[in-house]
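Take this structure first; my questions come after.
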Amino acid sequence: MKFAYEGVVVVPAVKRETIRMLIRRDLLEQLKVSGIVGAQYKDLVDDYLALWDLKEELKKEIKTKGAMVVWRNGTQTGRKRSDAVVELPKVSKRMTDLLEVLGAIEPPVGAIDDDMPDL
């Protein structure tokens, strides 16, 4: 639902729990449609969602504290890259790996090169 206020379109924020629920539902539906059954796959969906939660927390930390943080060691201080900046790509990569295992990542429809001869 969108609202217009003095020419500016305002889109209300969707609660994080709602997005999480939609992701879970979509992944489980995709497993069902693909004929992938087994408790181990549902467990992988839960693992994916745990990583999604972690990714959202890392993004929140970067947004609130910034990419660089101040460190203190006694009288010494300095700035360093936030650990969240380092961990976020690792978590995203693991999430992508899980999607591949779950069969949720497929090549885009037009990605197959039809110009190649069949061997």
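The values are calculated or read from the model by the stated rules, or taken from the named source; none is laboratory data. Computed from a predicted model, the values in this text were never measured in an experiment. Glycine gets a Cβ as well: all are built from the backbone with ideal geometry, and neighbour counts include every protein chain shown. The protein model used for the area step is the full one, side chains on, heavy atoms only, and it has no ligands, DNA or RNA in it. Shrake-Rupley method; radii C 1.70, N 1.55, O 1.52, S 1.80 Å.
Quick check: anything in segment 22-37 surrounded by 11 or more Cβ atoms within 10 Å (Cβ to Cβ), touching a Leu at 6+ places or on another chain (Cβ under 8 Å) and not in a helix (DSSP H, G or I)?
Yes, some residue in segment 22-37 is surrounded by 11 or more Cβ atoms within 10 Å (Cβ to Cβ), touching a Leu at 6+ places or on another chain (Cβ under 8 Å) and not in a helix (DSSP H, G or I).
Could you grab the pairs with beta carbons closer than 8 Å, sequence gap of 6+ or different chains, first residue in segment 20-34 and over 23 Å from E56 (Cα atoms), second one in a helix (DSSP H, G or I) and open to solvent by 60 Å² or more (accessible area, probe 1.4 Å)?
Filtered contacts from segment 20-34: L31/Y41; L31/K42.
Answer with yes or no whether D47 is under 18 Å from I105 (Cβ atoms), touching a residue at least 24 places away in the same chain (Cβ under 8 Å) and in a helix (DSSP H, G or I).
The answer is yes for D47.
Output the residues belonging to segment 56-106 that are under 20 Å from L28 (Cα atoms), in contact (Cβ under 8 Å) with a residue 40 or more places away in the chain and open to solvent by less than 90 Å² (accessible area, probe 1.4 Å).
M95, L98, L99, V101, L102, G103, A104
How many residues, within segment 32-64, are closer than 23 Å to E17 by Cα and in contact with a helix residue (DSSP H, G or I) (Cβ under 9 Å, 6 or more places away or on another chain)?
Residues meeting the conditions: 20.
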